[in-house]
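**Q** Once you've had a glance at the structure underneath, I'll fire off some questions.
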Amino acid sequence: MMIVFLGPPGAGKGTQAAKLSAKYGLPKVSTGDMLRQAVAAGSQLGQQVKAIMDAGDLVDDQTMGEVVKERLAQPDAAGGVVMDGYPRTRVQAEFFDQLLTDSGRGGVGLVLLLTVAEDLLVDRLSKRRVCLQCGANYHLEFKAPVSDDVCDCCAGGLIQRDDDKEDVVRERLRVYRELTEPLVAYYRAWGHLREIDGTDSIEDVFTRVDAAVARAAAA
Ligand code: AMP
(Lines give C-alpha, C1' and ligand atoms only; values in the text may rest on other atoms or scores of the structure.)
Protein backbone atom coordinates (compact mmCIF):
# COMPACT_ATOMS: atom_id res chain seq x y z
CA MET A 1 0.00 0.00 0.00
CA MET A 2 1.08 3.57 -0.70
CA ILE A 3 0.90 5.43 2.61
CA VAL A 4 1.49 9.18 2.83
CA PHE A 5 2.23 11.06 6.04
CA LEU A 6 0.97 14.63 6.02
CA GLY A 7 1.42 17.24 8.72
CA PRO A 8 3.53 20.21 9.74
CA PRO A 9 7.26 19.98 10.40
CA GLY A 10 7.77 18.49 13.87
CA ALA A 11 4.47 16.58 13.92
CA GLY A 12 6.35 13.27 14.07
CA LYS A 13 5.99 12.11 10.46
CA GLY A 14 9.54 10.75 10.24
CA THR A 15 9.32 8.92 13.57
CA GLN A 16 5.94 7.34 12.84
CA ALA A 17 6.91 6.51 9.24
CA ALA A 18 10.02 4.69 10.51
CA LYS A 19 7.94 2.61 12.95
CA LEU A 20 5.40 1.74 10.28
CA SER A 21 8.17 0.86 7.86
CA ALA A 22 9.76 -1.48 10.43
CA LYS A 23 6.46 -3.17 11.31
CA TYR A 24 5.23 -3.80 7.77
CA GLY A 25 8.54 -4.10 5.92
CA LEU A 26 7.67 -1.25 3.57
CA PRO A 27 10.51 1.13 2.67
CA LYS A 28 10.29 4.61 4.15
CA VAL A 29 10.82 7.26 1.49
CA SER A 30 11.80 10.52 3.17
CA THR A 31 12.49 13.25 0.64
CA GLY A 32 14.05 15.40 3.39
CA ASP A 33 16.53 12.60 4.26
CA MET A 34 17.31 12.05 0.56
CA LEU A 35 18.04 15.75 0.05
CA ARG A 36 20.15 15.95 3.22
CA GLN A 37 22.18 12.97 2.02
CA ALA A 38 22.69 14.73 -1.33
CA VAL A 39 23.87 17.86 0.51
CA ALA A 40 26.24 15.83 2.70
CA ALA A 41 27.64 14.06 -0.39
CA GLY A 42 28.12 17.40 -2.18
CA SER A 43 26.34 16.08 -5.29
CA GLN A 44 24.94 18.38 -7.96
CA LEU A 45 21.47 17.96 -6.45
CA GLY A 46 22.87 18.73 -3.00
CA GLN A 47 24.53 21.92 -4.21
CA GLN A 48 21.33 22.96 -5.94
CA VAL A 49 19.10 22.55 -2.84
CA LYS A 50 21.30 23.44 0.14
CA ALA A 51 20.50 27.16 0.39
CA ILE A 52 16.79 26.52 -0.16
CA MET A 53 16.69 23.96 2.65
CA ASP A 54 18.73 26.15 5.00
CA ALA A 55 16.20 28.95 4.49
CA GLY A 56 13.26 26.63 5.26
CA ASP A 57 11.79 26.98 1.77
CA LEU A 58 10.62 24.26 -0.59
CA VAL A 59 12.68 22.77 -3.39
CA ASP A 60 10.92 23.19 -6.75
CA ASP A 61 8.24 20.69 -7.76
CA GLN A 62 10.04 19.48 -10.88
CA THR A 63 13.23 18.56 -9.03
CA MET A 64 11.20 16.78 -6.34
CA GLY A 65 9.25 14.92 -9.01
CA GLU A 66 12.49 13.61 -10.51
CA VAL A 67 13.83 12.55 -7.09
CA VAL A 68 10.62 10.67 -6.22
CA LYS A 69 10.19 9.09 -9.63
CA GLU A 70 13.72 7.69 -9.53
CA ARG A 71 13.26 6.36 -5.98
CA LEU A 72 9.92 4.69 -6.69
CA ALA A 73 11.39 2.97 -9.75
CA GLN A 74 13.65 0.91 -7.46
CA PRO A 75 12.52 -2.72 -6.93
CA ASP A 76 11.97 -2.42 -3.16
CA ALA A 77 9.26 0.18 -3.78
CA ALA A 78 7.14 -2.09 -5.96
CA GLY A 79 4.95 -3.41 -3.12
CA GLY A 80 4.28 -0.03 -1.52
CA VAL A 81 6.12 2.60 0.48
CA VAL A 82 5.65 4.92 3.40
CA MET A 83 6.09 8.50 2.18
CA ASP A 84 7.49 11.05 4.64
CA GLY A 85 7.58 14.64 3.37
CA TYR A 86 6.17 14.15 -0.13
CA PRO A 87 3.90 15.37 -1.62
CA ARG A 88 4.03 18.87 -0.15
CA THR A 89 2.27 21.00 -2.78
CA ARG A 90 -0.81 20.61 -4.96
CA VAL A 91 1.41 20.20 -8.05
CA GLN A 92 3.36 17.41 -6.30
CA ALA A 93 0.15 15.64 -5.22
CA GLU A 94 -1.16 15.65 -8.79
CA PHE A 95 2.21 14.49 -10.16
CA PHE A 96 2.30 11.71 -7.55
CA ASP A 97 -1.22 10.51 -8.43
CA GLN A 98 -0.22 10.39 -12.09
CA LEU A 99 3.05 8.58 -11.32
CA LEU A 100 1.21 5.92 -9.30
CA THR A 101 -1.41 5.48 -12.00
CA ASP A 102 1.19 5.29 -14.80
CA SER A 103 3.23 2.69 -12.90
CA GLY A 104 0.17 0.50 -12.30
CA ARG A 105 0.09 1.03 -8.53
CA GLY A 106 -3.42 2.46 -8.56
CA GLY A 107 -2.95 5.46 -6.31
CA VAL A 108 -2.39 6.54 -2.74
CA GLY A 109 -3.97 4.00 -0.36
CA LEU A 110 -3.98 6.03 2.83
CA VAL A 111 -3.06 9.54 3.97
CA LEU A 112 -2.29 9.96 7.66
CA LEU A 113 -2.55 13.57 8.83
CA LEU A 114 -0.69 14.17 12.09
CA THR A 115 -1.92 17.23 13.98
CA VAL A 116 0.03 19.03 16.73
CA ALA A 117 -0.37 22.56 18.18
CA GLU A 118 2.13 25.10 16.85
CA ASP A 119 3.85 25.90 20.22
CA LEU A 120 4.64 22.25 20.68
CA LEU A 121 6.01 21.99 17.14
CA VAL A 122 8.50 24.79 17.76
CA ASP A 123 9.63 23.15 21.02
CA ARG A 124 9.99 19.74 19.39
CA LEU A 125 12.00 21.02 16.43
CA SER A 126 14.33 23.33 18.30
CA LYS A 127 15.24 20.52 20.75
CA ARG A 128 15.54 17.89 18.03
CA ARG A 129 18.87 16.26 17.22
CA VAL A 130 19.34 13.95 14.23
CA CYS A 131 21.89 11.35 13.22
CA LEU A 132 23.43 12.19 9.86
CA GLN A 133 24.41 8.57 9.35
CA CYS A 134 21.15 6.63 9.98
CA GLY A 135 18.52 9.40 10.25
CA ALA A 136 17.47 8.52 13.83
CA ASN A 137 15.75 11.39 15.67
CA TYR A 138 16.16 12.45 19.31
CA HIS A 139 14.60 15.11 21.54
CA LEU A 140 16.86 16.58 24.20
CA GLU A 141 14.16 16.21 26.90
CA PHE A 142 11.80 13.43 25.89
CA LYS A 143 13.97 11.08 23.87
CA ALA A 144 17.46 12.03 24.91
CA PRO A 145 20.45 10.13 23.52
CA VAL A 146 22.78 8.56 26.10
CA SER A 147 25.49 10.98 24.99
CA ASP A 148 24.43 14.41 23.64
CA ASP A 149 26.24 14.12 20.32
CA VAL A 150 26.43 10.36 19.58
CA CYS A 151 23.64 8.26 18.06
CA ASP A 152 22.46 5.38 20.31
CA CYS A 153 21.57 3.29 17.22
CA CYS A 154 24.69 3.49 15.06
CA ALA A 155 27.25 5.64 16.99
CA GLY A 156 27.07 8.26 14.20
CA GLY A 157 27.38 11.96 15.02
CA LEU A 158 24.26 13.87 16.13
CA ILE A 159 23.63 17.38 14.86
CA GLN A 160 21.02 20.09 15.10
CA ARG A 161 19.74 20.63 11.56
CA ASP A 162 20.31 24.21 10.40
CA ASP A 163 16.62 24.37 9.55
CA ASP A 164 15.64 23.40 13.13
CA LYS A 165 16.84 26.80 14.45
CA GLU A 166 13.88 28.81 15.68
CA ASP A 167 13.64 31.52 12.97
CA VAL A 168 13.87 28.89 10.21
CA VAL A 169 11.30 26.72 12.02
CA ARG A 170 8.82 29.63 11.91
CA GLU A 171 9.43 30.04 8.18
CA ARG A 172 8.90 26.29 7.61
CA LEU A 173 5.60 26.49 9.49
CA ARG A 174 4.54 29.47 7.35
CA VAL A 175 5.43 27.55 4.17
CA TYR A 176 3.50 24.53 5.47
CA ARG A 177 0.36 26.60 6.09
CA GLU A 178 0.57 28.28 2.69
CA LEU A 179 1.58 25.42 0.38
CA THR A 180 1.08 22.06 2.12
CA GLU A 181 -2.01 22.52 4.29
CA PRO A 182 -4.27 22.81 1.21
CA LEU A 183 -3.46 19.14 0.56
CA VAL A 184 -5.59 18.25 3.59
CA ALA A 185 -8.71 19.32 1.66
CA TYR A 186 -7.37 17.68 -1.52
CA TYR A 187 -6.97 14.27 0.14
CA ARG A 188 -10.04 14.63 2.37
CA ALA A 189 -12.22 15.14 -0.70
CA TRP A 190 -10.74 12.01 -2.20
CA GLY A 191 -11.81 10.02 0.92
CA HIS A 192 -8.79 8.17 2.27
CA LEU A 193 -7.50 10.71 4.77
CA ARG A 194 -7.32 9.84 8.47
CA GLU A 195 -6.58 12.55 11.00
CA ILE A 196 -4.50 11.52 14.01
CA ASP A 197 -3.69 13.56 17.11
CA GLY A 198 0.11 13.58 17.17
CA THR A 199 0.42 15.20 20.61
CA ASP A 200 0.83 12.13 22.83
CA SER A 201 3.77 9.80 23.30
CA ILE A 202 5.38 8.16 20.27
CA GLU A 203 3.91 4.78 21.28
CA ASP A 204 0.37 6.13 21.80
CA VAL A 205 0.43 7.92 18.45
CA PHE A 206 1.75 4.79 16.78
CA THR A 207 -1.13 2.72 18.21
CA ARG A 208 -3.53 5.08 16.39
CA VAL A 209 -1.44 5.08 13.21
CA ASP A 210 -1.30 1.31 13.17
CA ALA A 211 -5.05 0.99 13.77
CA ALA A 212 -5.73 3.34 10.83
CA VAL A 213 -3.47 1.24 8.58
CA ALA A 214 -5.17 -1.99 9.69
CA ARG A 215 -8.62 -0.48 8.95
CA ALA A 216 -7.47 0.72 5.52
CA ALA A 217 -5.95 -2.68 4.69
CA ALA A 218 -9.17 -4.46 5.68
CA ALA A 219 -11.42 -2.10 3.68
P1 AMP B 1 11.87 17.54 5.98
O2 AMP B 1 12.96 16.75 6.59
O3 AMP B 1 10.78 16.69 5.40
O4 AMP B 1 11.32 18.59 6.93
O5 AMP B 1 12.50 18.32 4.74
C6 AMP B 1 13.58 19.23 4.93
C7 AMP B 1 13.63 20.21 3.79
O8 AMP B 1 13.83 19.50 2.55
C9 AMP B 1 12.35 21.02 3.56
O10 AMP B 1 12.27 22.15 4.41
C11 AMP B 1 12.51 21.40 2.09
O12 AMP B 1 13.47 22.42 1.93
C13 AMP B 1 13.11 20.12 1.50
N14 AMP B 1 12.04 19.19 1.05
C15 AMP B 1 11.81 17.93 1.53
N16 AMP B 1 10.76 17.37 0.90
C17 AMP B 1 10.32 18.29 0.01
C18 AMP B 1 9.25 18.32 -0.92
N19 AMP B 1 8.40 17.29 -1.05
N20 AMP B 1 9.09 19.44 -1.67
C21 AMP B 1 9.93 20.48 -1.56
N22 AMP B 1 10.94 20.53 -0.69
C23 AMP B 1 11.15 19.44 0.10
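**Q** For the range 147-188, just say rounded, prolate or oblate: build the C-alpha gyration tensor, square-root its eigenvalues into a ≥ b ≥ c, call rounded for a/c under 1.5, and beyond that prolate if a/b exceeds b/c, oblate if not.
**A** It comes out oblate by the Cα gyration axes.
**Q** Sticking with this structure for a sec: How big is the accessible area of C154 in square angstrom, nearest 10, if you roll a 1.4 angstrom probe over the protein chains?
**A** Approximately 50 Å² of C154 is accessible to the 1.4 Å probe.
**Q** Step by step: find N for the chain, compute 2.2 N^0.38 Å, then divide the Cα radius of gyration by it. What's the final number?
**A** So the Cα radius of gyration is 0.97 times the expected 2.2 N^0.38 Å.
**Q** If you count only protein heavy atoms with a 1.4 Å probe, what accessible area per residue comes out for the chain, rounded to a whole Å²? Each step should come with its number before you reach the end.
**A** Numbers: 10630 Å² over 219 residues.
Per-residue accessible area for the chain comes out at 49 Å².
**Q** How many percent of the accessible area of the range 1-80 is carbon or sulfur, using a 1.4 Å probe?
**A** Using a 1.4 Å probe with all protein chains present, the range 1-80 comes out at 53 percent carbon and sulfur.
**Q** Looking at the range 126-208, what % of the alpha carbon pairs are farther apart than 22 Å?
**A** Values: 1596 of 3403 pairs.
I get 47 percent for the Cα pairs in the range 126-208 exceeding 22 Å.
**Q** Also: Roughly how big is the chain's charge dipole about its Cα centre, with Cβ charges of +1 (Lys, Arg) and -1 (Asp, Glu), in debye to the nearest 20?
**A** The calculation lands at about 480 debye.
**Q** Next question. How much accessible area does R177 have with a 1.4 Å probe, in Å² rounded to the nearest 10?
**A** Approximately 110 Å² of R177 is accessible to the 1.4 Å probe.
**Q** In whole angstrom, how long is each semi-axis of the equivalent ellipsoid of the range 164-219, when you take the square root of 5 times every eigenvalue of its Cα gyration tensor and sort them from largest down?
**A** The three semi-axes for the range 164-219 are 26, 18, 6 Å.
**Q** From the P(r) of the range 1-124, could you give the percentage of C-alpha pairs in the tail past 21 Å?
**A** Summing the P(r) of the range 1-124 above 21 Å gives 40 percent of all pairs.
**Q** Starting from the Cα of K143, draw a straight line to each of the lysines and keep only those under 27 Å, dropping any in the same chain fewer than 8 residues away.
**A** K13, K19, K23, K28, K127, K165
The values are calculated or read from the model by the stated rules, or taken from the named source; none is laboratory data. All of these numbers come straight from a predicted model, not from anything done at the bench. Cβ: placed from backbone, ideal geometry, glycine included. Neighbour counts: every protein chain shown. SASA here: full protein model, heavy atoms, side chains in, ligands and nucleic acids out. Shrake-Rupley method; radii C 1.70, N 1.55, O 1.52, S 1.80 Å.
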